[in-house]
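Just so you know, all these numbers are worked out from the coordinates, no wet-lab data involved. The model shown is predicted, which means the values in this text are computed figures rather than measured ones. So basically every Cβ, Gly included, is an ideal-geometry build from the backbone, and we count neighbours across all protein chains shown.
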Amino acid sequence: MPAAAAGADLRVETVRVGPYGNNAYVVTCPATGDAVLIDAADEAERIEALLAGVRLTAIVTTHGHPDHWQALAAVRAAHPDARAAIHPGDAGMVLSPPPDPLRDGDRIPVGRGSLLVLHTPGHTPGSVCLRAPGHLFSGDTLFPGGPGATRPPLGDFATIIASLRDRLFTLPDNTVVHPGHGDPTTIGAERPHLEEWVARGW
């Protein structure tokens with residue numbers, strides 16, 4: 001997919017990989033060439049094609065479901081200096097060696113910019129979203145048309161609704177949402193439907 005602006009000094013590129021159509025995102029600071037990979041989901045060789053010519057400094061896993069980290073070991077091996085991180089709530093779901101802990105309010109440097117970590121449990125206990133100016137990488141917390149699945153034992157519908165209402169739907173309408181699967185949307189397009197999702201119960 002073509003690159004798109006992600007704030008004043010960041011750009012984002014996307015590749016859709018694996019049998020579940022996961023989105024892997026490479027967010028780069030053009031001024032420095034530093035980059036962060038969001039979800040080393042699958043097909044490491046295709047992800048590596050996006051990493052050519054940049055310096056990978058971090059690999060962030062939005063949550064612990066295996067379809068979001070199948071290529072993590074291969075990408076870590078190719079970039080041993082890059083920090084791998086996941087929220088402690090999901091750390092036990094990822095094969096060793098375990099990534100570093102990632103907590104609400106952390107900032108992941110991307111050259112001259114950064115990504116703000118928002119803890120948004122509900123899909124899993126350790127689900128996170130990452131925010132850059134005008135952009136949100138939502139993992140499986142928010143999709144076009146509703147929240148991510150909340151199947152037990154890890155998921156909880158009331159919790160994900162609280163994450164949407166209190167953490168994500170406070171963002172500006174024009175915030176572009178880059179989900180873990182599927183096409184982008186915006187906060188403004190999704191927020192008006194929150195009560196519909198509550199009523200339907202999923």
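Quick rundown of the values:
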{"item": "Per-residue ³J(HN,Hα) for the range 172-181, Karplus 6.51 cos²θ - 1.76 cosθ + 1.60, θ = phi - 60°, Hz, x for Gly and Pro", "result": "x, 3, 7, 5, 7, 9, 9, x, x, 9"}
{"item": "Sparsely packed trypsin sites (Lys or Arg not before Pro) within the range 41-149, loop by DSSP, other Cβ within 10 Å at most 14", "result": "Arg103, Arg112"}
{"item": "Percent of alpha-carbon pairs separated by more than 21 Å within the chain", "result": "47 percent"}
{"item": "Loop-resident sites, the range 1-86, for chymotrypsin sites (Phe, Trp or Tyr not before Pro), counting at most 15 other Cβ within 10 Å (DSSP)", "result": "Tyr20"}
{"item": "Sorted by Cβ density within 10 Å, fewest first, the residues Glu45, Glu190", "result": "Glu45, Glu190"}
{"item": "Cα centroid separation - the range 150-197 against the range 28-65, whole Å", "result": "24 Å"}
{"item": "Antiparallel content of DSSP bridges confined to the chain, in %, to 5", "result": "65 percent"}
{"item": "Ranked list, fewest to most other Cβ atoms within 10 Å of each Cβ, for Asp81, Asp9", "result": "Asp81, Asp9"}
{"item": "Computed helical MRE - 222 nm, the chain, DSSP H runs ≥ 4 contributing -39500 (n - 2.57), nearest 500", "result": "-4000 deg cm²/dmol"}
{"item": "Cα-projected label distance for Val198 with Asp81, points at 7 Å along beta-carbon direction, nm", "result": "4.9 nm"}
{"item": "Max mean-square fluctuation residue, GNM over the chain, Cα-Cα springs under 10 Å, options His79, His63, His119", "result": "His79"}
{"item": "Semi-axis lengths (Å, descending) of the ellipsoid that matches the C-alpha gyration tensor of the range 110-202", "result": "21, 15, 11"}
{"item": "Listed residues Gly18, Gly111, Gly53, most fluctuating in the chain (Gaussian network, C-alpha, under 10 Å)", "result": "Gly53"}
{"item": "Proportion of all alpha-carbon pairs of the range 3-69 beyond 18 Å (%)", "result": "32 percent"}
{"item": "Residues Thr185, Thr32, Thr124 arranged by fewest to most Cβ contacts within 10 Å", "result": "Thr32, Thr185, Thr124"}
